[in-house]
Structure formats: C-alpha cells, structure tokens
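After the structure tokens below, expect a handful of questions from me.
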Amino acid sequence: MISENDPKIWELYKKEMARQEGGIQLIASENYASPDVMAASGGILTNKYSEGYPGKRYYGGNEFVDSIETIAIERAKKLFGAEHANVQPHSGSSANMAAYYALLERGDKLMGLSLDEGGHLTHGLPVNFSGKYYEIIPYHLNAQTHLLDYDSIAEIADEQQPKMIIAGYTMYSRTIDFAKFRKIADSVGAKLLVDMSHIAGLIAGGAHPNPAPYADVITSTTHKTLRGPRGAIILSQEQYAKQIDRAIFPGLQGGPFENQIMARAVAFNEALQPSFSDYAAQIVKNAKALASALTDLGLVLVTGGTDNHLMLLDVRNRGLTGKEAQLALDGAGITCNKNTVPNDPQSPFITSGIRLGTPALTTRGMKEGEMQKIAHLIDDVLKNSTSAEAKSKVKKEALALTAQFPIYKNLRD
Ligand SMILES: Cc1ncc(COP(=O)(O)O)c(C=O)c1O
C-alpha cells in the first residue's frame, strides 16, 4: 500500500493520474496502456534474473519465464510477419544501438533523415552514440513539399555508398514507401533498417504498409501507437537472428526486464485482436479530422496534413514560438511538444512548431467530432496565449470533454 507506506510519493502519483485522466493528451509518442499491460509490467516478474534467451539462461528457475518470453517472440513475429524477433531491448534507443552493433563496424557510413527534419537522436545526433561511432550521412526532405525525396535519397546513397540506410522517423506525417527504400538500399548494397517506433501500432492494425517484406532489420518501441509497456523489439530476417541476439545479450544488456517482456506479450495479444484494426484506423481518421479542422481555422500544417497519427503545426502565423505554444497549451490542460519545422530559424529548445498526435485520445474513445472541438480549443489558446482567463476557460472545457471519456476509472482509488 504505497498510499500508507510512502504517502509523499503516492500524493504525486495521484496528481499525475489526474493529469493523465483530465488532460487532452496530444503527445504523438504517448498512449494509455491497458490495465492488463500495466499489471504485467508491475508484476512479480520484476524479481527474476533471466540473462540469456529461452532455453539458454545463466540462472535457474526460468521455466515459466522461458515460456512467457517465447510467447512474446511468437506473437511479435505473427503481428508483423517477421522471421525473427528479439523482445529484450530495454528501449528504442538500445534497440537501434543493437541493430547498428550487429550489422555495422565502427566508423561505417549510416544514412538517415537529418535530425532537424524528423530523424531521431539515435539516427545521428553528434553527442549521441550514433553520431560518435558512425559516420552520419544525412538525407533531407524536399525543400518545397517537405516530403521524403526518394530521388535525392538515391543520389546521396549513390554518392556516399552508406552501409546502412534508416527509414523511420520521430516526426513525419506521411506514408513511407518501404519498397522505394529497398530499391535504393539494393542499388548501393546497403542494409535497410526501418525504425517503425512511431507507426508500429498503425502497421499492426493495417493502417500503414508493413516494412517486413522490405527491411533487413526493423526496430520499434512498444509504448507509442502500439500501446504496450515501455521498451522495444527488434525484428529481422532469419539470416541476422544470431547477430541481433548477440548484440543485445551479451553485447549491450544484462538481465532482460521479464516483467516488461510479459507486458509486451499481453500488448501483442491485444494488437492481434480484430478491434485493434479499428483503433489503428480511427487514429488516422482522428488525425485527419484534427488536421483539417486546424487548417479550416487558419493554422498552418507542414505538408498540409497527415496520413498517419501525427502532424506538425507551424505556429509562426500566430506570432508564437513552439515553446510558447507548448507552454500556453499546457496551461490550458492540453499537452503536446514543441518541434522544429523545416528550416527552422529557432533552436531545438525554442522551435517554431508543435507536434500533435491522436493515439492517446483515440484509445480513450474520442472520434472525429471531438477532434473538431479540440481544434477549436487549441485555436482559442494560440490566439490568446497570454490570457490567463482564456486558458482557464479552455481548461474547464478540456476537463468537461475528457470527463466524458474516462480511461482509468477503475484504477483511481
Ligand atoms: C523513431 C524513434 N526511434 C527511437 C526512439 C527511442 O525510443 P526510447 O525513447 O524508448 O529510447 C524514438 C523515441 O522517441 C523514436 O521516435
């Protein structure tokens, strides 16, 4: 009973629960995991050491854990049609690290989308391990359309002859053509790594094309659109299975978090149910509805809209920076994150945009009608960002809206 044994922590936890329940949650990489997923994540598997893999562990007492991890592996393979799955990575970053470690040598050329245009830190930030250990070759979005420019990616690949090309982003609101990436990778003999962290839930639910037929290796977090526990997986062709497994253990990690692996197994089972396709399709419908309502209100979206779960709003036409917009929305109970826009004159700490995503609101049952209302609330805040009164009015409306879509009502007390 944390409430009795550690009331200080419990009070803060309750406040966070109220924030998650009462706020309008638009962070594109967040979601509401099911109570089953959270129960597994916080369960007794926390106690077990299981270094190694099912059937080959360094500790005794793993007979049940072995079966749980095997089920997680089989479900992950089935969900994405992959030949091999490693379900042990502690996070998306360690999954990427392991994939590079397995398939590249130090100093090899690694080609990914420039970070200020949507790539992830692990795709080449100079102070990240990726930027330190590999020679990063950035590719860019088309300067006019801000879409992936496959011709230019092919040209850069031809010039630079990278060992690996990454497709998959932290911020890209359009469909990725994995077949085109495969062709480019083949033309220069590069490996194709798809980092599907953001869109894994859409892929599992059939709302985005699946990279499995094209990629050598796929990495993914499990806590974003996929709606599982925090952590990650690596999927690959069978030919890379040994290298990938060795890169995770003993290459990078010790004991796997079997509690999180059990929670991943539970989440994969949820994602294998037919209702998950409805959820994935609704995420995209909601994103399109939010994007078009915001556009109707005169707000500017990079690429003009979205095909997936997220969108990038350029807030300069409201006289705001991304940081100011994020803070103003936070003050009105609407949570999102500041984000650079293409050719952003501001630093990554300030930015000119905000990233909005619909997975969490979709999980709590909201549909296109609610997206219309939320677009108006966002517009009200951005128009009156310095008015405490306006923000407090929007906050009341936000609370009234989220109260109609309770998410953890059975867990509250
Ligand atoms: C595309 C992509 N890859 C990898 C990661 C890293 O995941 P984690 O935060 O679990 O290390 C993220 C997280 O935001 C991401 O967006």
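The values are calculated or read from the model by the stated rules, or taken from the named source; none is laboratory data. In this text the structure is predicted, and so the values were computed from the model without any measurement. FYI the Cβ positions are ideal-geometry reconstructions off the backbone, even for glycines, and counts take in every protein chain you see.
In the list TYR214, TYR240, which residue meets the criterion of being more than 16 Å from the ligand (Cβ to nearest atom), in the same structural domain as LYS77 (by TED's automatic domain parsing) and in a helix (DSSP H, G or I)?
Testing whether each residue is more than 16 Å from the ligand (Cβ to nearest atom), in the same structural domain as LYS77 (by TED's automatic domain parsing) and in a helix (DSSP H, G or I) leaves just TYR240.
Moving on. Among ASP6, ASP36, which is the only one that is modelled with pLDDT of 95 or more, surrounded by fewer than 16 Cβ atoms within 10 Å (Cβ to Cβ) and more than 22 Å from GLU258 (Cα to Cα)?
Only one candidate passes the filter, namely ASP6.
Let me ask something additional. Residue by residue through the stretch 178-196, note down the ones that are within 13 Å of the ligand (Cβ to nearest atom), assigned to a strand (DSSP E or B) and of a type outside the set (D, E, K, R).
The answer is LEU193, VAL194.
Report, ordered by the first and then the second residue, all pairs with beta carbons closer than 7 Å, sequence separation of six or more or different chains, a first member in the stretch 20-40 that is of a type in the set (Ser, Thr, Tyr), and a second member that is part of a loop (DSSP other than H, G, I, E, B).
SER29/HIS198; SER29/LYS224; TYR32/ARG364; TYR32/ILE407
Consider GLY107 carefully, then state whether it is surrounded by fewer than 19 Cβ atoms within 10 Å (Cβ to Cβ), part of a helix (DSSP H, G or I) and either modelled with pLDDT of 95 or more or more than 15 Å from the ligand (Cβ to nearest atom) (or both).
Criteria not met by GLY107.
Within the stretch 311-334, identify whether any single residue is among the β-branched types (Val, Ile, Thr) and touching a His at 6+ places or on another chain (Cβ under 8 Å), and answer yes or no.
No, that holds for no residue.
(1) within 16 Å of the ligand (Cβ to nearest atom); (2) outside any strand (DSSP E or B): which one isn't true of SER220, the others all being true?
All conditions are met except number (2).
Sticking with this one: Say we look at the stretch 62-74 and pick out the residues that are surrounded by fewer than 21 Cβ atoms within 10 Å (Cβ to Cβ) and not β-branched (Val, Ile, Thr); which of these is nearest to ALA204 (Cα to Cα)?
GLU74
Of the conditions (1) more than 20 Å from THR306 (Cα to Cα); (2) surrounded by fewer than 16 Cβ atoms within 10 Å (Cβ to Cβ); (3) in contact (Cβ under 8 Å) with a residue 60 or more places away in the chain, LEU382 clears all except one; give me its number.
(2) is the only condition that LEU382 fails.
For the stretch 126-148, state whether one or more residues are within 20 Å of the chain's Cα centre (by Cα), more than 16 Å from the ligand (Cβ to nearest atom) and surrounded by fewer than 21 Cβ atoms within 10 Å (Cβ to Cβ).
Checking the stretch 126-148: at least one residue is within 20 Å of the chain's Cα centre (by Cα), more than 16 Å from the ligand (Cβ to nearest atom) and surrounded by fewer than 21 Cβ atoms within 10 Å (Cβ to Cβ).
Okay, residues lined up against (1) more than 21 Å from VAL315 (Cβ to Cβ); (2) assigned to a helix (DSSP H, G or I):
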residue: LYS338; (1), (2): no, no
residue: ILE350; (1), (2): no, no
residue: LEU361; (1), (2): no, yes
residue: ILE374; (1), (2): no, yes
residue: ILE378; (1), (2): no, yes
residue: THR386; (1), (2): no, no
residue: LYS391; (1), (2): no, yes
residue: ALA398; (1), (2): no, yes
residue: PRO406; (1), (2): yes, no
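Please specify each residue of the stretch 45-62 satisfying the condition of being over 27 Å from the mean Cα position of the chain (by Cα) and in a helix (DSSP H, G or I).
Hit for the stretch 45-62 is ASN47, nothing else.
Let me ask something additional. Which one of these is away from the ligand (no atom under 16 Å from the Cβ) and surrounded by 15 or more Cβ atoms within 10 Å (Cβ to Cβ): LEU26, LEU12, LEU45?
None of the other options fit; the residue is LEU45.
Can you work out which of the residues in the stretch 70-97 that are aliphatic (A, V, I, L, M) and more than 12 Å from the ligand (Cβ to nearest atom) is nearest to GLU51 (Cα to Cα)?
Ranking the candidates gives VAL87 first.
Give the residues of the stretch 329-379 that are crowded, with 21+ Cβ neighbours inside 10 Å and among the acidic types (Asp, Glu), sorted by residue number.
Of everything in the stretch 329-379, just one residue is crowded, with 21+ Cβ neighbours inside 10 Å and among the acidic types (Asp, Glu), namely GLU370.
Checking the conditions here, which among ILE199, ILE165 is within 16 Å of the ligand (Cβ to nearest atom), farther than 21 Å from ALA291 by Cβ and either at pLDDT 95 or above or assigned by TED's automatic domain parsing to the domain that holds GLY92 (or both)?
ILE165
Could you go through the stretch 273-295 and let me know if any residue there is within 16 Å of the ligand (Cβ to nearest atom) and farther than 30 Å from SER385 by Cα.
no
Do we find that ALA98 is in contact (Cβ under 8 Å) with a residue 60 or more places away in the chain, under 23 Å from VAL188 (Cα atoms) and part of a helix (DSSP H, G or I) in this structure?
yes
Examine the stretch 309-327 for a residue that is aliphatic (A, V, I, L, M), buried (at least 19 other Cβ atoms within 10 Å of the Cβ) and part of a helix (DSSP H, G or I), and state whether such a residue exists.
Yes: the stretch 309-327 contains one or more residues that are aliphatic (A, V, I, L, M), buried (at least 19 other Cβ atoms within 10 Å of the Cβ) and part of a helix (DSSP H, G or I).
Let me ask something additional. Here is a list: SER29, SER34. Which entry is closer than 30 Å to ALA328 by Cβ and under 22 Å from the mean Cα position of the chain (by Cα)?
SER29
Do you know which of the residues in the stretch 116-125 that are assigned to a helix (DSSP H, G or I) and away from the ligand (no atom under 11 Å from the Cβ) is surrounded by the fewest Cβ atoms within 10 Å (Cβ to Cβ)?
Result: ASP116.
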